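Okay, structure first, notes after.
The values are calculated or read from the model by the stated rules, or taken from the named source; none is laboratory data. Nothing here was measured: the structure is a model prediction, and the numbers come from that model. No Cβ is skipped: glycine too gets one built from the backbone with ideal geometry, and neighbour counts run over all protein chains shown. These accessible areas exclude ligands, DNA and RNA; they are computed on the full protein's heavy atoms, side chains included. Shrake-Rupley method; radii C 1.70, N 1.55, O 1.52, S 1.80 Å.
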Amino acid sequence: MKTFWMSPAGQLSVGLVLVAAVFVAFALNDDAANGAVGAALVLGFLLLVYFGRRRSDTLDIMSGIGDERSKLLYTRAVAFSGTVMSFVLPIWWLVTIAKGDPTRCSRSAARSSAPPSSSPWPCSRGAAKRARSRVRWLRSGLREHENDCHDGECDTAGGEQTHGAELQRYVRASPQRGLQLALA
Amino acid sequence: MCKGSLTVRNDVRLLRTARDLSQGALADALGVSRQTINAIETGRYLPSLPLAFGLARFFETTVEQIFHPDTEEIPT
């Protein structure tokens, strides 16, 4: 039985929800400009499949809806993609472990050369060194910011405020990176 | 006992052209795409049983008269 969700209109509806989700995810991170670009890319792909499936057999198969032959080829393609990903993901994971992921280096790990015991992800020496130098740079910016305070009043309009903002961005980088990886 | 590779030939193109039908018209009558009819006729795709019975019903014949198993026997 052909349901609405397995029809071109249903696929278009789900795709538009995905477009909105992409934009909202970026907008929540105060990055609406990039969200618009990402949503436009997804929308373009969606419209290409929706209108092109009548003209192109390949796009018809990519849509995953159609007659029995299209569904069979789509299933084969998905199985092939899954097989490829089952090789790519472990290899990518092993390469990341070997290189060390700088986003996994916490600031406490950056202070000491020993890897964090709580995190299963190793922190490579290079990544830890980079993280330590970044923490030093941020601390120096904070000290400069503290020096702006005179007689109980602080100059918040100074150029050093960007260091404070940069620190906030640095602190927020880890969950933001997680969201980006999840969306990827 | 022999090992054999089973290939299936069909007379869909013959039956279709005898009725002066286009691939698109036959595809519309059976609810599949024109590419699927073309793939069946050229032997690149073996239809499912429901579609095979649909073809037989459309041409008012039996599945066995449209699809012919062709076994190439390899002596062991």
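Out of the residues in the range B:57-67 that are under 13 Å from B:ARG16 (Cβ atoms) and surrounded by 14 or more Cβ atoms within 10 Å (Cβ to Cβ), state the one that is nearest to the other protein chains (Cβ to nearest Cβ).
Per the criteria, the residue is B:PHE58.
Within the range A:61-87, restricting attention to residues that are buried (at least 17 other Cβ atoms within 10 Å of the Cβ) and within 18 Å of B:ILE40 (Cα to Cα), which residue is farthest from the other protein chains (Cβ to nearest Cβ)?
A:TYR74
Return a yes/no flag: does the range A:35-55 have any residue that is within 14 Å of another protein chain (Cβ to nearest Cβ), surrounded by 15 or more Cβ atoms within 10 Å (Cβ to Cβ) and either touching a strand residue (DSSP E or B) at 6+ places or on another chain (Cβ under 7 Å) or at pLDDT below 95 (or both).
yes
Can we say B:ARG34 is open to solvent by 40 Å² or more (accessible area, probe 1.4 Å) and more than 13 Å from chain A (Cβ to nearest Cβ)? Explain how you work it out, then say what you get.
Details: open to solvent by 40 Å² or more (accessible area, probe 1.4 Å): yes; more than 13 Å from chain A (Cβ to nearest Cβ): no.
The answer is no for B:ARG34.
Can you name the number of the only condition in (1) surrounded by fewer than 12 Cβ atoms within 10 Å (Cβ to Cβ); (2) within 13 Å of chain A (Cβ to nearest Cβ) that B:ARG9 fails?
If we test B:ARG9 against (1) surrounded by fewer than 12 Cβ atoms within 10 Å (Cβ to Cβ); (2) within 13 Å of chain A (Cβ to nearest Cβ), just (2) comes out false.
Out of everything in the range B:47-56 that is of a type outside the set (Gly, Ala, Ser) and at the interface with another protein chain (Cβ under 10 Å from one of its Cβ atoms), what residue ends up being most open to solvent (accessible area, probe 1.4 Å)? Let's see the steps before the verdict.
First, the residues of the range B:47-56 that are of a type outside the set (Gly, Ala, Ser): B:47, B:49-51, B:53, B:55.
Remaining after also requiring at the interface with another protein chain (Cβ under 10 Å from one of its Cβ atoms): B:47, B:50-51.
Numbers: B:PRO47: 24, B:PRO50: 99, B:LEU51: 13 Å².
If we take residues in the range B:47-56 being of a type outside the set (Gly, Ala, Ser) and at the interface with another protein chain (Cβ under 10 Å from one of its Cβ atoms), then B:PRO50 is most open to solvent (accessible area, probe 1.4 Å).
Among (1) within 14 Å of chain B (Cβ to nearest Cβ); (2) surrounded by 15 or more Cβ atoms within 10 Å (Cβ to Cβ), there is one condition A:THR58 misses while meeting the rest; what is its number?
The number of the failed condition is (2).
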